[in-house]
Amino acid sequence: MTVPVPMPAAVTVTTEGGPPVGEYTTQVVVGVGGREGVSVAEVCALVEETLRGAGLAVGSVTALATVESKADEPGITGAAKRFGVPLVSYPVDRLAAITVPHPSEAARAATGTPSVAEAAALAGGGELLVPKRRSVAATCAVATAHTHDLRHHGDAEVIDAGSALVDLAVNVRADTPPDWLKQRIAASLGDLAAYPDGRPARAAVAARHGLPVERVLLTAGAAEAFVLIARALGAVRPVVVHPQFTEPEAALRDAGHEVERVVLRAADGFRLDPAAVPEAADLVVIGNPTNPTSVLHPAGTLAALARPGRILVVDEAFMDAVPGEREALAGRMDLPGLVVLRSLTKTWGLAGLRIGYVLAEPEVIAKLAAAQPLWPVSTPALVAAEACMAPAALAEAEEAARQIAVDRAHLLAGLAEFDEVTSVGVAEGPFVLIRVAGGAEVRTRLRALGFAVRRGDTFPGLDHSWLRLAVRDRATTGRLLQAMDHALALAAR
């Protein structure tokens, strides 16, 4: 029988070697397996070492889980008792039906399921945080106890709110699109009777990045590109690096793929070690700068992921908000399998128009184009794309990026005044990620005070204690900091 897992209101989690940093409201389940006669000490030592390596405290565990045939194993039951959590057991046929990232035929022969630890950890509907780890006689894996809402985006924080809230949840630059761009778009409406002709815009994008036009595909926003990649490139072992924009994984799952995650740690500043990506991955997706962490990965770090036989997708939707576009891979032709995505939504305020583009090898572009419907990008969107590639527009984007950097520094300096708030490393995007105890309550308080901020718990690797804040002008930031002070004071009562 399956034992229900108790769900306490919050568990304090500590990063390795540090004090408590917030309330971890995403509960953790540890799947365990073991040979007959495995000792309590060995199971506990393996679990503790695995949690420590992931930056989790033992107190974050709400249950151990295993297969029914192991539910009476003294080493496993004793470990659950020592940790003070229930032992959840599942029928073997239920665990055998769960797809696990590291199956073992030896485990299947011995237990009836290809991985007791991973399947038991995932059986509650959660998401794998740490894959299978082994000792001499035991195995364990760590998962959350529920799934993240991959289709939750920042606009959900402000929809139906009208102008009642200051929008810090959506990462579109304020006061956009500029008047000159509105005029260019408006002038295109006289051409709506004709079918869209994407050739001028495609040529403009190619020229802007110094690429042959055969390496450019225009899309209805970067989100369409994720769908095309998921459906057209035939990935066998896709890996998504989290925390990041969740739409790539959602698109892959919708296309029937089993997605493996590499979850970066707050203790490491959410920075990537290329060795963490499985060698066998044939599709790897990562953002740069990454939404929501605002981390800008070095170009060399990402380039190290490229190799023949692998598609490396780098989402550069926010790269034009980085002064000088440092660490950009757009325009590189020396990296096999490189696919770079760009969006015109963020800097130019064109979320409602849907325009973005893909830069990749001609063979990849051809496969993606074959999966598109006819005339996928409207005439006004094509006109906007061409206009935003002009030298004057690029200069305006660069100036906006420099102003964002100044405004972001002002925001971070203000947040540093709050002892309750921790900011992530060195932010480089038009947003910052912060961690605050009682984050869900603070977000609600800020909303009542007129500010919408982005919840973090829908991003794999984050929980309710994380919030994302869009960078705005100094005056808006000043009002936000006053509201934050008030919200923190109320939450502390």
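Counting only Cα atoms, the range 371-459 measures 50, 31, 26 Å along its principal axes, largest extent leading. Excluding same-chain neighbours fewer than eight residues apart, the lysines reachable from residue 132 by a Cα-Cα span under 20 Å are 70. Beyond 22 Å, what percent of the Cα pairs of the range 21-142 remain? So the pairs more than 22 Å apart make up 23 percent of the total in the range 21-142.
Counting only residues at least eight positions apart within a chain, or on another chain, the aspartates and glutamates with an alpha carbon under 18 Å from that of residue 182 are 191, 386, 396. Summarising the label geometry, the points placed 7 Å from Cα in the beta-carbon direction at residue 213 and residue 36 lie 7.2 nm from one another.
For the range 334-438, GluC sites (Glu not before Pro) are listed when DSSP marks them as loop and at most 12 other Cβ atoms sit within 10 Å of their Cβ; the list is 417. Given the range 294-349, what whole percent of its Cα pairs are spread farther than 13 Å? Distances greater than 13 Å cover 59 percent of the Cα pairs. Count Lys and Arg as plus one, Asp and Glu as minus one, and take only other residues whose Cβ is under 11 Å from that of residue 40; the net charge is then 0.
The figure for residue 102 is an accessible area of roughly 60 square angstrom, using a 1.4 Å probe on the protein chains alone. Inter-label distance, residue 479 to residue 136: 6.6 nm, where each label sits 7 Å from its Cα along the C-beta direction.
Take the range 23-140 with all the other protein chains still there, run a 1.4 Å probe, and you get 40 Å² of accessible area per residue. In debye, nearest 20: dipole of the range 382-489 around its Cα centre with unit charges on the Cβ of K, R (+) and D, E (-)? The calculation lands at about 340 debye.
Label-to-label distance for residue 334 and residue 236 is 3.0 nm, based on points extended 7 Å past Cα in the beta-carbon direction. For the range 312-326, backbone phi angles converted through the Karplus equation (6.51, -1.76, 1.60; θ = phi - 60°) give residue-by-residue couplings of 10, 9, 10, 7, 9, 4, 10, 5, 6, 8, 9, x, x, 6, 4 Hz, Gly and Pro being listed as x.
How far is helix 439-448 tilted, in degrees, relative to the longest principal axis of the Cα atoms in the chain, given as a value from 0 to 90 rounded to the nearest 10? Once rounded, one gets 40 degrees. Across the chain, Cα pairs under 8 Å and at least six residues apart give a relative contact order of 16 percent. Counting 0.36 nm for each residue step from residue 366 to residue 258 and taking away their Cα separation leaves a gain of 36.4 nm. Rounded to the nearest Hz, the phi-derived 3J(HN,Hα) couplings of the range 349-360 under the Karplus curve 6.51 cos²θ - 1.76 cosθ + 1.60 (θ = phi - 60°) are x, 10, 4, x, 9, 6, 8, x, 7, 10, 10, 6, where x marks glycine and proline. Taking the range 417-493 on its own, what percent of its Cα-Cα pair distances exceed 17 Å? Tail of the P(r) past 17 Å holds 41 percent of the pairs. Here the Kirkwood formula puts the hydrodynamic radius of the range 339-381 at 11.5 Å, using every distinct Cα pair.
Scalar couplings 3J(HN,Hα) for the range 417-428, obtained by applying the Karplus form with A = 6.51, B = -1.76, C = 1.60 to θ = phi - 60°, are 6, 9, 5, 7, 10, 10, 9, 7, x, 9, 6, 10 Hz; x denotes Gly and Pro. In this Cβ point-charge picture (+1 for Lys and Arg, -1 for Asp and Glu), the range 263-314 has a dipole of about 60 debye about its Cα centre. Farthest towards the positive end of the charge dipole of the range 371-493, among the residues 415, 383, 448, is the Cα of 448, using unit charges on the Cβ of Lys, Arg, Asp and Glu.
In a simple Cβ point-charge model (Lys, Arg +1; Asp, Glu -1; nothing else charged), the chain has a dipole of about 60 debye relative to its Cα centre. Taking the 1.4 Å solvent-accessible surface of the range 376-425 as the whole, the part contributed by carbon and sulfur is 57%. Taking a point 7 Å out from the Cα of residue 268 in the direction of its Cβ, the residues of the range 26-62 whose backbone N falls within less than 12 Å of it are 53-55.
Here the extension length gained between residue 279 and residue 97 equals 62.9 nm, from 0.36 nm per residue of separation less the Cα-Cα distance.
The values are calculated or read from the model by the stated rules, or taken from the named source; none is laboratory data. Bear in mind that the values here come from a model prediction, so they are computed numbers and not experimental data. As a convention, Cβ positions derive from the backbone with ideal geometry for all residues, glycine included, and neighbour counts pool all protein chains shown. What goes into the accessible areas is simple: the full protein's heavy atoms, side chains included, and nothing from ligands, DNA or RNA. Shrake-Rupley method; radii C 1.70, N 1.55, O 1.52, S 1.80 Å.
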